[in-house]
Structures are given as C-alpha cells and as structure tokens.
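In what follows, a structure is listed as structure tokens, so that the remarks can point back to it.
What follows is calculated from the coordinates using simple rules that are stated; it is not laboratory data. Because the structure is a prediction, the values reported are computed rather than measured. Cβ placement follows ideal geometry from the backbone for every residue including glycine, while neighbour counts extend to all protein chains displayed.
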Amino acid sequence: GDYRLPITLDYHSAGVKVEEMAGWVGLGWSFNAGGVITRSVRGLDDLDTNFGYDKITDTERQNLATAGSYTTQNNVLSNLQDVVAGNLDTQLDLFYYNFGNESGKFVMRNGVGNAMPKNNMSIKFYNSPSRFEVITGDGTKYIFSTREDTYTGNGNNNQTFISSWYLTSITYPN
C-alpha cells in the first residue's frame, strides 16, 4: 500500500549529562523504528486502579485546592495526610508517543487518553492485557502491547510499573 513506516537515526543536541550512558547507536543518538508509548509517573501509578490519579474524586481534588469551611479543612487535612503517606495521587502521569509520523504527549483519565494539545486521535488503554489502542485521523489503528517494566525504590518505598509499550501491530483502514 501507500503507507510507509519511517526509520530514522536522530541526534539530540541538548547536551550530554555527566552520568549519561551511550546507547547502542551512540551518545546523544536515538534509533526510531516502529513506535513506542512511554510515560513519566508523577506521584503514583495512574494505571493502578487502587492508587492512581482517578482514585481521588473531583470533589476531593477541589477541596485540596480551596479549603473554605471547617469541614472542608478537615477533609483537606485528611487528604493531605493520604498524599504524604503515598495513598493519594494529585498529579497526572505524562505519556509520550512516537510512531509513524505522529509524536506528542497525553494524559489518561478513566482509560481514555487526552492529547496535549488536543488532536483527532483516539487513545484508549486496556488493563488486561495491558495495551494501548491508538486510532489516527485517517483511521489507521496502532496497538502497543509489548511492555517494558521499570523498578524504582529506596528501601521501603519500592515500586515496579510499566514504563513503555511498544508498537506490535498496525491495521490500515482499507
């Protein structure tokens, strides 16, 4: 067909950090073929239905922002204690996509991706098995289901989360 999957070798001239390690294509270089969705976890894992950003209600989020009445202040104190204890998330994770001729970022709310800035792509997350489905404006469907896990921790606060989903299939509209 008419579709072409770009394969590029890109150099990022933003400078080299002292502890930065060279990848297999060299320091500052990246090889792009296929596609990937990556994320930066901010606070707690938003895809974890027990602790993620969607666990806190919009009312609780509003109470955290504006502590007006005594009752609201008690709720705010309780919510802030939950945030400090690591039981409540106040920040959306950031997701980044790069595939075909598309690249950008989005946030997740209730299993639906919201591109920033808004575009004509449909982004959905499915938990079992963990995968993303992206449909672009021309109707091409991309599935990202091969995952990469990342482990972070220091003593008692250990966390393993999915940091990347790699492109596994493309379905064209015709």
| message | Let me spell it out: the conditions are (1) under 15 Å from PHE95 (Cβ atoms); (2) surrounded by 13 or more Cβ atoms within 10 Å (Cβ to Cβ), and TYR126 meets all of them except one. Which number is the exception? | response | (2)
| field | Conditions (1) more than 13 Å from the chain's Cα centre (by Cα); (2) assigned to a strand (DSSP E or B); number of the one not met by GLY137 | value | (2)
| field | Pick from the stretch 94-153, criterion small (Gly, Ala, Ser) and touching a residue at least 60 places away in the same chain (Cβ under 8 Å), ranking: nearest to SER40 (Cα to Cα) | value | SER130
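Hey, can you tell me all the residues within the stretch 116-130 that are within 14 Å of ARG39 (Cβ to Cβ) and not in a loop (DSSP other than H, G, I, E, B)?
MET116, ILE123, PHE125
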